[in-house]
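Okay, so here's the structure we're looking at.
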Amino acid sequence: MTKIRVGVLGARGRVGSQVVGAVEAAADLDLVAAVDAGDALEELTAGKAEVVVDFTHPDVVMDNLRFLTGNGIHAVVGTSGFDQDRLDTVAGWLEGRPELGVLIAPNFALGAVLAMRFAQQAARFYESAEVVELHHNRKADAPSGTAAHTARLIAQARAEAGLGPGPDATTSELDGARGAEVDGVRVHSVRLPGLVAHEEILFGAEGETLTIRHDSMDRSSFLPGVLLAVRSLAGRPGLTVGLEHLLDL
Ligand SMILES: NC(=O)C1=CN([C@@H]2O[C@H](COP(=O)(O)OP(=O)(O)OC[C@H]3O[C@@H](n4cnc5c(N)ncnc54)[C@H](OP(=O)(O)O)[C@@H]3O)[C@@H](O)[C@H]2O)C=CC1
Ligand SMILES: O=C(O)C1=N[C@H](C(=O)O)C[C@H](O)C1
């Protein structure tokens, strides 16, 4: 059996270290480089990595992707911090590289992907929607990439349904009390030790609410999605945003 040669960026991190273990345990994958802060990216080319998994930091992920696409290496990206500008930049780096694939997923946990899809479906039926994300207190960014992506999906579905802003009589508020706005959808971030990664999407209409909640209780929840992406990417050129495209949802 020819094994896929895999590199990991952020290899000593909370998620990256688990990805290293999962790749080592997979019979069809060969871990050829485990790179963390201070290590040279050239370890990936020296190890002839075909696919690299990136769980690093929003401040460094674009440099990593420039290096990977420039060296013809497929990338599976879990790192947060992607807005449309960044996605457009990555798409630009892939131009003229028809063989190369990059998958960027706001969340690799199956339930999180389903929650986003359900939220997208529910959005047009409710006057109001807000997102609450809850994470461990070591998380670098707020709101989470998943919450920002969820809010954008909700905003898009609301716009397509011709819905304006939800009713809200607030005229006086402490700064931040109503959360941040992503494409007009309120997003609230909670940070507590003991949490891993959690999201609630709340919808309201006259006389009822709907709450969609997902909980990652352990970072092992991300691994099946990451491995699926690693195995799929060679046959999937171009930029793919979201694991749902590999799940036939
Ligand atoms: N899409 C998804 O499903 C998920 C996404 N994430 C995202 O993944 C990212 C990482 O999360 P997490 O593992 O918790 O974070 P950690 O801080 O635990 O891990 C990141 C690791 O990357 C290292 N690092 C920093 N800069 C570089 C660099 N230039 N090259 C290589 N390694 C580097 C860090 O080193 P040092 O600490 O020394 O700086 C650290 O070891 C975050 O953006 C997070 O939001 C997390 C979980 C799931
Ligand atoms: O930092 C984390 O932990 C997570 N980050 C991702 C995000 O920002 O959405 C995915 C998941 O929520 C865990």
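The values are calculated or read from the model by the stated rules, or taken from the named source; none is laboratory data. No experiment lies behind these values; they were computed from the predicted model shown. Cβ atoms come from the backbone with ideal geometry, glycine included; neighbour counts cover every protein chain shown. Only protein heavy atoms, including side chains, enter the accessible area calculation; ligands, DNA and RNA are left aside. Shrake-Rupley method; radii C 1.70, N 1.55, O 1.52, S 1.80 Å.
Results, tabulated for the structure shown:
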quantity	calculated
Residues that are hydrophobic (A, V, I, L, M, F, W, C) and either open to solvent by less than 40 Å² (accessible area, probe 1.4 Å) or within 16 Å of ligand 2 (Cβ to nearest atom) (or both), drawn from segment 17-31	V19, V20, A22, V23, A26, L29
Matching residues, segment 215-249, being over 17 Å from the mean Cα position of the chain (by Cα) and basic (K, R)	R231, R236
Test: residue in segment 45-53 that is within 16 Å of ligand 2 (Cβ to nearest atom) and either at pLDDT 95 or above or open to solvent by 30 Å² or more (accessible area, probe 1.4 Å) (or both)	yes
Qualifying residue in segment 173-184 (condition: within 13 Å of ligand 2 (Cβ to nearest atom) and not small (G, A, S))	yes
Odd one out for R14, checked against (1) open to solvent by 30 Å² or more (accessible area, probe 1.4 Å); (2) more than 15 Å from ligand 2 (Cβ to nearest atom); (3) in a loop (DSSP other than H, G, I, E, B); (4) within 30 Å of D215 (Cβ to Cβ)	(2)
Answer residue from segment 211-226, given it is touching a helix residue (DSSP H, G or I) at 6+ places or on another chain (Cβ under 6 Å) and farther than 14 Å from V77 by Cβ and is nearest to ligand 1 (Cβ to nearest atom) among those	R219
Selection within segment 191-210 - open to solvent by less than 70 Å² (accessible area, probe 1.4 Å) and either more than 15 Å from ligand 1 (Cβ to nearest atom) or within 17 Å of F118 (Cα to Cα) (or both)	H198, E199, E200, I201, L202, F203, G204, A205, L210
Residue match in segment 132-146 (condition: at pLDDT 95 or above and away from ligand 1 (no atom under 16 Å from the Cβ))	yes
Residue check, V182 touching a Gly at 6+ places or on another chain (Cβ under 7 Å) and either within 29 Å of F222 (Cβ to Cβ) or not assigned by the TED database to the domain that holds L114 (or both)	no
Test: residue in segment 102-111 that is touching a helix residue (DSSP H, G or I) at 6+ places or on another chain (Cβ under 9 Å), away from ligand 1 (no atom under 13 Å from the Cβ) and modelled with pLDDT of 95 or more	yes
Test: residue in segment 34-44 that is surrounded by 14 or more Cβ atoms within 10 Å (Cβ to Cβ) and farther than 20 Å from T69 by Cβ	yes
Any pair with Cβ under 7 angstrom, 6 or more apart, that starts in segment 22-44 at a residue that is within 10 Å of ligand 1 (Cβ to nearest atom) and ends at one that is of a type in the set (D, E)	V35/E43
